[in-house]
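S.K.: The structure is given below, and queries will be raised subsequently.
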Amino acid sequence: MKSEFLKLKKADFWKGLVVSVLSAAVTALYTAVTSAVDFASFNWQSVILSAAGGFIAYITKNLFTNSDGETFKSENSSKP
């Protein structure tokens, strides 16, 4: 069962953490490939900001989605 509107489960946190790690990895890889910079002289601030942004976006999306997958609708308004 999915989380209710304005509630999160532990699984939401862990999935958000996975999203943040993946977004950081993609950002680091993209930056390294496009600028041909090695990882020793790398600007890690953009990678960390990307990870934080991915985590916050995922958690916010799950917080405002009800168990039926409808965004910004409470549990009561989604039932007929």
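S.K.: Treating each Cα of the range 10-67 as an identical point scatterer and ignoring solvent, apply the Debye formula and state log10 I(q)/I(0) at q = 0.15, 0.24 Å⁻¹.
M.R.: -0.48, -0.87
S.K.: Counting only helical runs of four or more DSSP H residues, what would the 222 nm mean residue ellipticity of the chain come to if each run contributes -39,500 (n - 2.57) and the total is spread over all its residues?
M.R.: Rounded to the nearest 500, it is -21000 deg cm²/dmol.
S.K.: So, one more: Compute the helix-to-body angle for 44-63: its Cα long axis versus the longest principal axis of the chain, expressed 0 to 90° and rounded to tens.
M.R.: 10
S.K.: For the chain, find the longest principal axis of its Cα atoms and tell me its angle to the long axis of helix 10-35, 0 to 90°, nearest 10.
M.R.: Roughly 30 degrees between the two axes.
S.K.: Quick check for me: using +1 on Lys/Arg Cβ and -1 on Asp/Glu Cβ, what's the dipole size of the chain about its Cα centre, in debye to the nearest 20?
M.R.: Result for the chain is approximately 260 debye, rounded to the nearest 20.
S.K.: Given a Förster distance of 22 angstrom, what is the FRET efficiency for residue 26 paired with residue 60, based on the Cβ-Cβ distance and rounded to 0.05?
M.R.: Approximately 0.65, to the nearest 0.05.
S.K.: Taking the Cα centre of the chain as the origin and placing charges on Cβ (Lys, Arg +1; Asp, Glu -1), which of 62, 28, 5 is farthest toward the positive end of the dipole?
M.R.: 5
S.K.: Please compute the length gained on full extension between residue 2 and residue 75, using 0.36 nm multiplied by the number of residues separating them and subtracting their Cα-Cα distance.
M.R.: Roughly 25.1 nm would be gained on extension.
Read-outs: derived from the displayed coordinates by stated rules, not from any lab. Nothing here was measured: the structure is a model prediction, and the numbers come from that model. Positions of Cβ are backbone-derived with ideal geometry, glycine not excepted, and every protein chain shown enters the neighbour counts.
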